[in-house]
Ligand code: LLP
């Protein structure tokens, strides 16, 4: 992953990166079920459908670009996580991946809890009727106003991220005559990304309180000494898009080590640990994510084993998957515009969206897949780069993609696995209008977040 990006994007002039797959799939018409949401198929006419509805019809009714979210898949993933962890554990969906009131209602109906990390997410959660006690409030720089609202609403837990906040939350709780359940977020010295994890000195970042140097132990001491706080557990989140469970193993071991120290020093066994989110999903055919059941088993085995050897009662475990629930459930539908073959290099395919609806490629070098979905094609494969319509050469949606050589303006192409961190990180760059999110289920499609309009843009611009 690039750490210092070129101003126009981390990589933008090269052909295929080293080690990248260089061959197209055998049949470009196949919509790999590993990458596409569960109800996506290609029908006999060659048109892709989701929830039984043809994408051509969806484009006519809702326009492009647009995100289509497969409600049945979203609900099934919620249930799979809840069932995998069982009644003895808690699953908190991480709202930062994508949040809307409809999604909050689905979560509520499927029995999940919700992790929010801003006043805006808290407002959305409460407005959609999520019971406050099922909400966890996160953030490394919560404002006094956000803390006050979270405590007043009665959120189930506030995850304390700094020494300052321990005092702020305690004061807010006292002022409101409450005792606020809290967890302390610790940094365990593990940073994990995708295929590897690094268990060395990764305290050099803004989140949490370091285990190293006894800082977390000091935070626990202070929290236990304040009337307004009920310390219920320790929280650790080690990264995102992780496939390797080894990072979680180290993290769990270190958190349980802290629980043992707390028992030894204070005579209390904290009842909960939260191991955060971060489980990876398949963006391309090369990715192999784990099933929730395997993840749940691996995590609970590690925690149980570590607790047994420390002579602790096993705490209640919670997790906070965001991407793993919503990521695979949506695709972005675009219309093809300009097509520019660059002799000896590749063909640039421009779509009607871009970095304003998916910043992940430019920001993280993220890889995506793409397919022609408005028709079947048996033309040979051509190497393309799918780019947006923004005034920036780093405006890339899919860096390296094979599409049929007869691709033409007006065709619809879709990028799968865009449910997480695409609409939630969308921008108005170049005064783009952020696309709608359309929920598709049971043969029906409905807008759950509407498309922005030029009126919306002018409404924010006071014009003076
Ligand atoms: N819990 C905490 C405390 C977190 O900070 C995060 C994500 C999650 C849970 C959910 O992680 P997930 O299961 O979704 O990986 N914008 C980046 C990802 C940032 C993740 C930030 N924290 C991306 O597009 O890849």
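Every read-out reported here was derived from the displayed coordinates using simple, explicitly stated rules and does not represent laboratory data. Computed from a prediction, not measured in an experiment: that's the story for all the values here. Note that each Cβ is placed from the backbone with ideal geometry, even for glycine, and that neighbours are counted across all protein chains shown.
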Expected 222 nm ellipticity per residue - DSSP helices of 4 or more, -39500 (n - 2.57), all of the chain, to 500: -8500 deg cm²/dmol
Can you give the Kirkwood hydrodynamic radius for region 292-406, in Å, rounded to one decimal and based on Cα pairs? 17.5
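Out of all DSSP beta bridges in the chain, what portion is antiparallel? Express it as a percent rounded to 5.
The antiparallel fraction comes to roughly 45 percent.
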Compute the angle between helix 292-310 and the longest alpha-carbon principal axis of the chain, please, reported from 0 to 90 degrees and rounded to the nearest 10. 20
Note on region 138-321, DSSP bridge orientation, antiparallel percent to nearest 5 equals 10
Taking neighbour counts of Cβ atoms within 10 Å as a proxy for exposure, in what order, fewest first, do 425, 130 appear? 425, 130
What ranking do 178, 142 get, fewest neighbouring Cβ atoms within 10 angstrom at the top? 178, 142
So for 73, 400, fewest C-beta neighbours within 10 Å to most, what's the order? 400, 73
Surface/4 estimate of mean projected area, convex hull on alpha-carbon atoms of region 164-243, nm²: 5.8
May I ask what percent, to the nearest 5, of DSSP beta bridges between residues of region 236-383 are antiparallel? 55
Distance in Å, no decimals, from the C-alpha centre of region 397-421 to the one of region 71-100 is 28
Across the chain, what fraction of all alpha-carbon pairs, as a whole percent, falls in each successive 10 Å bin from zero upward? 4, 20, 28, 25, 15, 7, 1, 0
Using Cα-only point scatterers and the Debye equation, what is log10 of I(q)/I(0) for region 52-155 at each q in 0.12, 0.23 Å⁻¹, rounded to two decimals? -0.48, -1.17
If you scale each eigenvalue of the Cα gyration tensor by 5 and take the root, what three semi-axes come out for region 195-336, rounded to whole angstrom and sorted largest first? 32, 17, 14
